[in-house]
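Undergrad: The structure's right below; bear with me while I get my questions together.
The values are calculated or read from the model by the stated rules, or taken from the named source; none is laboratory data. The model shown is predicted, which means the values in this text are computed figures rather than measured ones. Neighbour counts run over all protein chains shown; Cβ positions are idealised from the backbone, glycine included.
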Amino acid sequence: MEIVTSEFFQRALIGGLLIGVTAPLMGIFLVLRRLSMIGDTLSHVSIAGVALGFLIGVYPVAVGLVFAVAASFAIEKLRKAYKSYAELSIAIIMSGGVALASILFTMGKGFNVNVTGYLFGSIYTLSNIDLITIAVVTVVVLVAIRLQVKELFLLTFDEDAAAVSGLPVRFYNVMISVLTALVISASIKIVGALLVSALLTIPAACSLIIARSFRQSIITVVIIGEIAVICGLMIAGIWNLAPGGTIVLLLIVILLGLLLFKRGIRTGS
Amino acid sequence: MQQMTEMLPETDVLPGPAGDCHQDIISLEGVTFSYQQQRVITGLNLSVRERDFIGLIGSNGAGKTTLLKMIVGLLRPESGVIRLFGEPVGQFKAWEKIGYVPQKNAFNPLFPATVREVVLSGLYGRNKLFRRITKSDHLKADDALHAMKIEDLADKRIGQLSGGQQQRAFLARALINNPSLLILDEPTVGIDAETQESFFHMIKHMHQHHNITFLMVSHDMEMIRTYLGLHQAAQSGKLKFYKKHSHDLQNCAQDDLTHSLRGLRQEMDSREEVVQVGDRY
């Protein structure tokens, strides 16, 4: 149990708490716009950035962040080229990211060990600068959503109506992608690039089961995200499991529980 | 001098030389649009004036949706000019004057949003950026819900409503700003005949008694014909336009129309009573 009181665990907890708010929040907009896979794509691209960061000796998370933001712009561009195939642009950028990452990995064989930490998460090695990055991203995301939640709701619900209302739809699309890129690159060290999209999508999937209103679903995703992160870290810490994997499996357990609960209510009544 | 002024003919208050008090709501001049190589719309001219009801009919691929998207500025014409309320679309800012009702199946049925949240979203335009939702916004939503007789459904999830109720919710969203122009994109696709009937009844009533101009895309020839008549106002390629004006020239001075949404419900209800009484005897 003494792991829980250790300094590195408490850093992990703070980082996790922050990401547990922002990742599910961005996720709800992505899932409702049927862009669930965008998280995977951006995280794979940001791994390429992390690899480059190691290679040129620059703070890897920052390079990953730049890569993810660039990828989010590229996705928007490609989405315009293949209008009714939004998922195509996501798939192309994802493979591009993995390809680039694999080349950069092999170029600098010496840092393979470090990169694994970014693939599966290495929450217990969060540095001060990691925490600061996460905090800044959290503030940016929360402020943006707080100021634009009405418009984002309309855009997500009915993009055409948003455009007819005179809202700058293209700006909001780019904004959602860029904010997502920020959240993902800031959180890959916590849950890992391969798992980060679960923290975006599964809370949203849960909220679709129980929430009646948009307001409720925003509250639901944050609560579920936080429960998964806190409990997941505790369980991982006590039983010495991989934290990222534990958090994600816990999210899936919550999702299954809600599905069964909902079924129980239906058949019961 | 004084005598002169007194003697000025009263006709001065009448409209100008055109003899028409109705402004152009939508005007298209020589509008052409192509997707890649394919010409969809060629040299289309159309003038929609205040209080017109325009029915737009065309088979799939005739360019109905394309035309709508150009009118609301989502697509740019290859050539030609589109004006809204006399202003080129690119410079048009008063989007709150336009209500938009999408196709029924345009949204994800699992979407977590209540009817009230959807109706309120009709207010979220440019003017509302960075502003909070106020009490008076909620009152407007109440009025719109009431007018569409869906006040009891306000807290239900939008996906739980029947097709007809959803359509009322979207109409309430479109009406919340008291629009001058209402654009409906195949509003009754996937709704049963009886519900369609009452939906059209409501639309017709609004056209006759409110200062609203309508542009409705439909594949339902029958409704268009019974209300707008057989006379084709314009045609361009496979697009056909039918038109009815609810306001005759001599009525230009008349302005005692009910504008409020509260009034709409009252009128609708009182009419229904008349119909019921009429049926009984």
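Undergrad: What's the number of the only condition in (1) closer than 27 Å to A:GLY117 by Cβ; (2) modelled with pLDDT of 90 or more; (3) not hydrophobic (A, V, I, L, M, F, W, C) that A:ARG212 fails to meet?
TA: Checking A:ARG212 against (1) closer than 27 Å to A:GLY117 by Cβ; (2) modelled with pLDDT of 90 or more; (3) not hydrophobic (A, V, I, L, M, F, W, C), the one that fails is (1).
Undergrad: Output the number of residues of the range A:146-167 satisfying the condition of being under 22 Å from A:GLN216 (Cβ atoms) and not hydrophobic (A, V, I, L, M, F, W, C).
TA: Total meeting the criteria: 6.
Undergrad: Got at least one residue in the range A:3-10 being buried (at least 24 other Cβ atoms within 10 Å of the Cβ), within 22 Å of A:GLY225 (Cα to Cα) and more than 14 Å from every other protein chain (Cβ to nearest Cβ)? Spell out the reasoning first.
TA: Going through the range A:3-10, the residues buried (at least 24 other Cβ atoms within 10 Å of the Cβ) turn out to be none.
No, the range A:3-10 contains no residue that is buried (at least 24 other Cβ atoms within 10 Å of the Cβ), within 22 Å of A:GLY225 (Cα to Cα) and more than 14 Å from every other protein chain (Cβ to nearest Cβ).
Undergrad: Is it true that A:ALA205 is within 13 Å of chain B (Cβ to nearest Cβ), part of a helix (DSSP H, G or I), small (Gly, Ala, Ser) and in contact (Cβ under 8 Å) with a residue 24 or more places away in the chain?
TA: Values: within 13 Å of chain B (Cβ to nearest Cβ): yes; part of a helix (DSSP H, G or I): yes; small (Gly, Ala, Ser): yes; in contact (Cβ under 8 Å) with a residue 24 or more places away in the chain: yes.
Against the criterion (within 13 Å of chain B (Cβ to nearest Cβ), part of a helix (DSSP H, G or I), small (Gly, Ala, Ser) and in contact (Cβ under 8 Å) with a residue 24 or more places away in the chain), A:ALA205 qualifies.
Undergrad: Restricting to the range A:148-187, what's the tally of residues that are among the hydroxyl-bearing types (Ser, Thr, Tyr), in contact (Cβ under 8 Å) with a residue 12 or more places away in the chain and outside any helix (DSSP H, G or I)? Even if it seems obvious, please write down each step before you answer.
TA: First, the residues of the range A:148-187 that are among the hydroxyl-bearing types (Ser, Thr, Tyr): A:156, A:165, A:172, A:177, A:180, A:185, A:187.
Still in the list and also in contact (Cβ under 8 Å) with a residue 12 or more places away in the chain: A:156, A:172, A:177, A:180, A:185, A:187.
Now restrict to residues that are outside any helix (DSSP H, G or I): none.
Total meeting the criteria: 0.
Undergrad: Of everything in the range B:67-90, what is part of a helix (DSSP H, G or I) and within 13 Å of another protein chain (Cβ to nearest Cβ)? Give them in sequence order.
TA: Going residue by residue through the range B:67-90, those that are part of a helix (DSSP H, G or I) are B:67-71, B:89-90.
If the condition is that a residue be part of a helix (DSSP H, G or I) and within 13 Å of another protein chain (Cβ to nearest Cβ), then B:LEU68, B:LYS69, B:MET70, B:ILE71, B:VAL89, B:GLY90 are the ones that fit.
Undergrad: Sticking with this one: Of everything in the range B:192-240 that's assigned to a loop (DSSP other than H, G, I, E, B) and without any contact (Cβ under 8 Å) to a residue 40 or more places away in the chain, which residue is nearest to B:LEU46 (Cα to Cα)? Full working, then the answer.
TA: Within the range B:192-240, the subset assigned to a loop (DSSP other than H, G, I, E, B) is B:192, B:210-212, B:219-220, B:229-231, B:237-238.
In the following step, the residues that additionally are without any contact (Cβ under 8 Å) to a residue 40 or more places away in the chain were identified as B:192, B:220, B:229-231.
Numbers: B:ASP192: 32, B:ASP220: 21, B:GLY229: 18, B:LEU230: 18, B:HIS231: 15 Å.
Result: B:HIS231.
Undergrad: Sticking with this structure for a sec: Taking the range B:91-122 as the region of interest, how many residues are assigned to a helix (DSSP H, G or I), surrounded by fewer than 23 Cβ atoms within 10 Å (Cβ to Cβ) and either at the interface with another protein chain (Cβ under 8 Å from one of its Cβ atoms) or in contact with a helix residue (DSSP H, G or I) (Cβ under 6 Å, 6 or more places away or on another chain) (or both)?
TA: Kept after step one, since they are assigned to a helix (DSSP H, G or I), are these residues of the range B:91-122: B:91, B:95-97, B:104-106, B:115-122.
Next, only the ones that are surrounded by fewer than 23 Cβ atoms within 10 Å (Cβ to Cβ) stay: B:91, B:95-97, B:104-106.
Cutting the leftovers down to either at the interface with another protein chain (Cβ under 8 Å from one of its Cβ atoms) or in contact with a helix residue (DSSP H, G or I) (Cβ under 6 Å, 6 or more places away or on another chain) (or both) gives us B:95-96, B:104, B:106.
The number of residues fulfilling the criteria is 4.
Undergrad: Just to be sure before I move on: is B:PRO112 in contact (Cβ under 8 Å) with a residue 24 or more places away in the chain, more than 20 Å from the chain's Cα centre (by Cα) and under 22 Å from B:LEU171 (Cα atoms) in the structure I sent? Lay out the reasoning, then the answer.
TA: Values: in contact (Cβ under 8 Å) with a residue 24 or more places away in the chain: yes; more than 20 Å from the chain's Cα centre (by Cα): yes; under 22 Å from B:LEU171 (Cα atoms): yes.
Considered against the rule, which asks whether it is in contact (Cβ under 8 Å) with a residue 24 or more places away in the chain, more than 20 Å from the chain's Cα centre (by Cα) and under 22 Å from B:LEU171 (Cα atoms), B:PRO112 comes out as yes.
Undergrad: Can you tell me which of (1) within 14 Å of another protein chain (Cβ to nearest Cβ); (2) touching a residue at least 60 places away in the same chain (Cβ under 8 Å); (3) aliphatic (A, V, I, L, M); (4) surrounded by 24 or more Cβ atoms within 10 Å (Cβ to Cβ) is the one A:ILE218 doesn't meet?
TA: Just one mismatch for A:ILE218, condition (4).
Undergrad: Can you tell me which of (1) surrounded by 19 or more Cβ atoms within 10 Å (Cβ to Cβ); (2) without any contact (Cβ under 8 Å) to a residue 40 or more places away in the chain; (3) not in a helix (DSSP H, G or I) is the one A:LEU241 doesn't meet?
TA: Going through the list (1) surrounded by 19 or more Cβ atoms within 10 Å (Cβ to Cβ); (2) without any contact (Cβ under 8 Å) to a residue 40 or more places away in the chain; (3) not in a helix (DSSP H, G or I), A:LEU241 breaks only (1).
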